[in-house]
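The values are calculated or read from the model by the stated rules, or taken from the named source; none is laboratory data. Note that this is a predicted model, so its numbers are computed, not measured. Please note: Cβ atoms are built from the backbone with ideal geometry, for glycine as well, and neighbour counts cover all protein chains shown.
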Amino acid sequence: MNVNLDHLEAFLSIVKLGSFTRAARLLHISQPALTVQVHQLEETLGVRLLDRNTRSVQPTQIGKDLAPVVERLLQEIRTVVVSTRELSAKSRGLVRIACLPSISSTILPTAIARFRRDFPGISVKLKDVVSERALAMVKAEEVDFGIGHLDDPDPEVRLTALFTDRMNVVFPADCPLEQKRAIDLNDLAGFPLILMQPESSVRRLVDRALNSIGLRPEPAYEVTYMSTAVGMVKAGLGVTILPSSALEMGELTGLRSRLIRHPVLLREIGVIEKSGRSPSPAAESFLLSLNGTCRALGL
C-alpha cells in the first residue's frame, strides 16, 4: 500500500489537534474513516505513530519526529499546486524567446508591449541572435521558441509561418537608384555593397541570389548589425540589402528603399519550436498575441 496525501493530512491533523474527533471534523470525514487512514499509514510505514486511549491521543517519539517533516512536505505540495494553477491561469510565468535582430528591433517590441498589457504577471526574456544561434537555442531548450528562418527542413524542430520577408536595397536619397521603379540585382553591380556577415540568414540569401546570376559576392564592407549597415549608407559608403521587416527601423529616416526583384530574395519568417514539445500556457498566449500583432501590422 502506498502512502497518500490523505493519510499524511490525517496524521498531521491529529497531532496538531490532539483529538480524533476534532481532526475528523476539520477534514470533513467520519471518525471511523479517519481511524482507518491512520492505521493504513502505520501499516505502510511499519511503525506506531500515535498512542491513544479513551481520553487522549499523543504522538509516539517516531510520530513526533515525523510530524514536522510531513508538515513541510504538505506545505511544499500546496505551493506547487498554487503555482501550477497560477501558471495555468496565466497570472504569472516566463516566456523565453530567441529572435532575429531585424524582428527584435521592429515587430517584437510592439508584440511584447501588447502582451504585457494583457498579461502583466508574465515576464518576457528576449535574446536577439542570428538564425543559426536561435535554432541552436531552441534545440537545447534554452528558450521556449525562436522567431526566425530555416534554410533547410530540420526534423528536430517545427516551423509555423508568420510572414514572408522580402529583400530591399537601401540607399541615400540622392542615389541614382531612386530613379528606378523596379530594381534587379544587376542594377547594384556598380555600387559598393554593405552586407551582413556570412553567418546572417540575410547574407546567405544575398550570396545565393548573386551566385544565381553569375556574380560573386564581393562586399565593400561586412557588418554584424543592420543599424551599422544603415549608418554606413547614411555616410555615403555604399548601399545595403535589408529585409522588409527591418524597414521600420528609426535609423532609416532620410534613406530610400526599393524591393529587389529576384525569386531567391525572400525568406519565410516563423516560430521555431522543438518537435514533440508542447508550449507552456504563457508561451502559447504570447504566440497568439504575436499572430495578432502581425495581422495588425499587415504582415
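Observations on the model:
- When residue 123 is tested against (1) among the polar types (S, T, N, Q); (2) surrounded by 14 or more Cβ atoms within 10 Å (Cβ to Cβ); (3) in the same structural domain as residue 99 (by TED's automatic domain parsing), only condition (2) is not met.
- Scanning the range 187-197 for any residue that is hydrophobic (A, V, I, L, M, F, W, C), within 15 Å of residue 103 (Cβ to Cβ) and surrounded by 13 or more Cβ atoms within 10 Å (Cβ to Cβ) turns up at least one such residue.
- Only listed residue being free of Cβ contacts under 8 Å to residues at least 24 places away in the same chain, within 19 Å of residue 157 (Cα to Cα) and out of contact with any helix residue (DSSP H, G or I) (no Cβ under 8 Å at 6 or more places or on another chain), chosen from 268, 284: 284
- Residues within the range 256-291 that are part of a strand (DSSP E or B), surrounded by 21 or more Cβ atoms within 10 Å (Cβ to Cβ) and in contact with a Gly (Cβ under 8 Å, 6 or more places away or on another chain), tallied: 3
- The residue that is nearest to residue 151 (Cα to Cα), among those in the range 174-196 that are assigned to a loop (DSSP other than H, G, I, E, B) and at pLDDT 90 or above, is 184.
Each row is one residue, and each column tells you yes or no for (1) farther than 17 Å from residue 271 by Cβ; (2) polar (S, T, N, Q); (3) under 16 Å from the mean Cα position of the chain (by Cα); (4) not in a helix (DSSP H, G or I).
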{"residue": "112", "(1), (2), (3), (4)": "no, no, yes, no"}
{"residue": "116", "(1), (2), (3), (4)": "yes, no, yes, no"}
{"residue": "126", "(1), (2), (3), (4)": "no, no, yes, yes"}
{"residue": "143", "(1), (2), (3), (4)": "no, no, yes, yes"}
{"residue": "153", "(1), (2), (3), (4)": "no, no, no, yes"}
{"residue": "159", "(1), (2), (3), (4)": "no, no, yes, yes"}
{"residue": "163", "(1), (2), (3), (4)": "no, no, no, yes"}
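- Every condition in (1) touching a residue at least 60 places away in the same chain (Cβ under 8 Å); (2) surrounded by fewer than 20 Cβ atoms within 10 Å (Cβ to Cβ) holds for residue 295 except the one numbered (1).
- Residue ID - nearest to the chain's Cα centre (by Cα), chosen from residues in the range 25-42 that are part of a helix (DSSP H, G or I) and more than 13 Å from residue 8 (Cα to Cα): 26
- Test: residue in the range 205-217 that is assigned by TED's automatic domain parsing to the domain that holds residue 276, over 20 Å from residue 96 (Cβ atoms), without any contact (Cβ under 8 Å) to a residue 40 or more places away in the chain and part of a loop (DSSP other than H, G, I, E, B): no
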